[in-house]
1. When segment 140-175 is examined, which residues are found to be touching a Lys or Arg at 6+ places or on another chain (Cβ under 7 Å) and not in a loop (DSSP other than H, G, I, E, B)?
2. Looking for something over 24 Å from the mean Cα position of the chain (by Cα) and hydrophobic (A, V, I, L, M, F, W, C) - is there at least one such residue anywhere in segment 221-230?
3. Checking I95 against (1) part of a helix (DSSP H, G or I); (2) touching a residue at least 12 places away in the same chain (Cβ under 8 Å), which single condition isn't satisfied?
4. In segment 111-131, which residues are touching a residue at least 40 places away in the same chain (Cβ under 8 Å) and outside any loop (DSSP other than H, G, I, E, B)?
5. Residue check, I35 against (1) crowded, with 21+ Cβ neighbours inside 10 Å; (2) within 21 Å of G102 (Cα to Cα); (3) at pLDDT below 85, all met but one. Which one?
6. Could you check how many residues of segment 117-154 are buried (at least 18 other Cβ atoms within 10 Å of the Cβ) and either acidic (D, E) or not assigned by TED's automatic domain parsing to the domain that holds V90 (or both)?
7. Scan segment 208-231 for residues that are modelled with pLDDT of 85 or more and over 25 Å from K298 (Cβ atoms) and jot them down.
8. Quick check on my filter: what residues within segment 154-171 are closer than 23 Å to R116 by Cα and not small (G, A, S)?
Amino acid sequence: MTSPIFRSGFACLVGRPNAGKSTLTNAMVGRKVAITSDRPQTTRRVLRGIVNRPDGQLIMVDTPGLHRPRTLLGERLNDQVRETWSSVDVVGLCIPANQSVGPGDRFIATELSHLRRKPIVAIVTKTDTVNNAILAERLAEVAELAEQIGFEWTEVIPLSARTGDHVVLLAERLISHMPEGPVLFPEGDDDEGQTIEVAVAELIREAALDGVQDELPHSIAVVVEEIEPRLDRPADRPLTDVRASLFVERDTQKAIVIGKAGSRLKQVGTRARREIELLLGVPIYLDIRVKVAKDWQKDPKQLRRLGF
């Protein structure tokens, strides 16, 4: 009797900023591996989550949105995106259903068209936000986009990460385009792409992004200095100390993050602590210090120090 074919490999979701890539990655993996925000260019790290199925293993890679860079950080993020494209087995271009296909989608699709012999899947996201007539219009635009550029989508899949509609179908189809191969990562070993410190830093940055002024999110970086169990605690009441530095570029931004009498920083800490405790599985004491690293997005030395 012939054994069923097992496939394994890497898939990358790309798209213009705020196209729903991180939300979709989280929905496919079934837990948070990428932070989400309504702010463009939220994702800065290449994160990975794993989808295990009877017919295959899909390693999901989440990248920053490709954009026209204004800083050295922006240039490095774009380089990160292109390097990822070249190393994965299949690329999915996310195009939101609630916005017309625009120059940003055309720019990325044109770049993708140069990837020879690599499956390119069009993923129309956020279908829960539009009616059937608008969705049909968007699907027609997506088909026309490929035709204008001169290539063919391997597949076109509309879905909603929020409701889960067609998310399983996407996983099935992506795996179908993977090469035959063994399990690449055993179950439970799906955090190779990021350390616990990076995951915690991203959760703190997500909390800090919520509700700040439009220009501030791009100036926020977080470095986790320490994650240590408190030794004097009884076994039935463990506590882990998490100490982190939150960097901004100017004193005025520091004041915004801290808020009047520290009110905003308390909100950030409360939200981040809940998420970190879910990640670590233990109660934590969270200490966030806000610091100024002047114009860090443009400074190569500071970018290295902050992990970029």
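1. Within segment 140-175, L145, E155, I157, A171, I175 meet the criteria.
2. Checked against the condition, which is being over 24 Å from the mean Cα position of the chain (by Cα) and hydrophobic (A, V, I, L, M, F, W, C), segment 221-230 yields no hits at all.
3. Every condition holds for I95 apart from (1).
4. Selection gives E111, L112, V121, I123, T125.
5. Among (1) crowded, with 21+ Cβ neighbours inside 10 Å; (2) within 21 Å of G102 (Cα to Cα); (3) at pLDDT below 85, the lone unmet condition for I35 is (2).
6. Of the residues in segment 117-154, 0 are buried (at least 18 other Cβ atoms within 10 Å of the Cβ) and either acidic (D, E) or not assigned by TED's automatic domain parsing to the domain that holds V90 (or both).
7. Of everything in segment 208-231, those that are modelled with pLDDT of 85 or more and over 25 Å from K298 (Cβ atoms) turn out to be E226, I227, E228, P229, R230, L231.
8. Across segment 154-171, the qualifying residues are T154, E155, V156, I157, L170.
The values are calculated or read from the model by the stated rules, or taken from the named source; none is laboratory data. Here the structure is a predicted model, which means the values were calculated and not measured. Glycine gets a Cβ as well: all are built from the backbone with ideal geometry, and neighbour counts include every protein chain shown.
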